[in-house]
Amino acid sequence: MPELSNIQTFEKLSGENYNPTLDKFANVLKRIDLWNNEVKSAFDSFEWKVEDNGFVYSSLTETGFYKTKYSDIPVRPLFMVYTKGLDKTFRDNWIVADLLIEAERLRDFRTGEFNAETYGLVKSLTKELATEFCQTGTYFTDEAQDGEDFDGIRIPDPTKLWQFDYAIIPKGLIDLYKTKPDSHEIIETNDYFESWFIKRWKDK
């Protein structure tokens with residue numbers, strides 16, 4: 001299975017009421033032209049069925065990758081629920097809204113450098129998610145970083161807060177991120193904070 005990069009954000013649920021969150025994610029997918037019959041069917045057929053590992057999965061785990069309006073690079077949407085049955089650190093149910101991209105489409109594995117078109121695509125998709133979701137940041141991560149920032153906010157654990165290559169962070173969370181490591185840059189815009197891992201994210 002190819003390595004995947006993620007653009008992901010997380011939202012706490014009110015009990016098992018997942019519909020408002022799914023509606024927001026659907027809005028994002030429609031805006032970026034990632035809404036089709038297969039994706040719609042996965043949303044319509046979603047059921048709250050907690051597996052033995054504490055997750056609630058959607059059938060989006062079995063769908064394909066599709067082009068968005070921003071690039072010919074294919075993207076697969078995904079959502080799943082982390083329930084309180086996952087482990088004792090979960091006091092609430094959370095949904096992760098995720099956009100998955102094959103990493104080899106985004107960077108040169110020989111040099112580790114991101115391709116030129118990666119920056120615009122990732123920034124556009126991250127902003128689209130951040131427009132709807134603001135309980136956590138919206139993070140662009142690799143497989144090793146996947147979910148680390150979510151744990152940093154939820155537990156909380158400051159050592160995990162900067163495990164991303166690029167992120168849009170809502171201003172309501174700036175106190176969590178005020179102690180910036182030298183590895184990252186962070187700038188303020190009118191609506192949010194934008195941050196990136198200096199060594200890898202070299203947008204010109």
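The values are calculated or read from the model by the stated rules, or taken from the named source; none is laboratory data. Everything numeric here is computed off the predicted structure, so don't read it as measured data. Every residue, glycine as well, gets a Cβ built from its backbone with ideal geometry; the counts of neighbours run over all protein chains shown. What goes into the accessible areas is simple: the full protein's heavy atoms, side chains included, and nothing from ligands, DNA or RNA. Shrake-Rupley method; radii C 1.70, N 1.55, O 1.52, S 1.80 Å.
So here's what we get for this one:
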{"item": "Computed helical MRE - 222 nm, the chain, DSSP H runs ≥ 4 contributing -39500 (n - 2.57), nearest 500", "result": "-6500 deg cm²/dmol"}
{"item": "In sequence order, calculated HN-Hα J values of the range 78-87 (Karplus, 6.51, -1.76, 1.60; Hz; x Gly/Pro)", "result": "8, 9, 7, 10, 9, 9, 5, x, 5, 6"}
{"item": "Accessible area of the chain divided out per residue, in Å², using a probe of 1.4 angstrom", "result": "50 Å²"}
{"item": "Protein accessible area in the chain, 1.4 Å probe - carbon and sulfur %", "result": "46 percent"}
{"item": "Proximal aspartates and glutamates relative to residue 30, as straight alpha-carbon distance under 16 Å, when same-chain residues fewer than 8 apart are discounted", "result": "38, 44, 98, 128, 132"}
{"item": "Listed values (i) 1.06; (ii) 1.86; (iii) 0.99, entry calculated as Cα Rg over 2.2 N^0.38 Å", "result": "(iii)"}
{"item": "FRET E, pair residue 55, residue 27, Förster distance 25 Å, beta-carbon r, rounded to 0.05", "result": "0.55"}
{"item": "Relative packing of peptides 125-132, 40-47 - highest average C-beta neighbours within 10 Å first", "result": "125-132, 40-47"}
{"item": "Cross-link pairs beyond the 24 Å C-alpha cut-off, checked among 67/199; 88/127; 127/178", "result": "67/199; 88/127"}
{"item": "Per-peptide average of other Cβ atoms within 10 Å, ordering 183-193, 140-150 highest first", "result": "140-150, 183-193"}
{"item": "Compactness of the range 39-144, expressed as Rg and Dmax over alpha-carbon positions, Å", "result": "15.6, 43"}
{"item": "Relative contact order computed over the range 52-204 (Cα-Cα under 8 Å; 6+ residues apart), in percent", "result": "15 percent"}
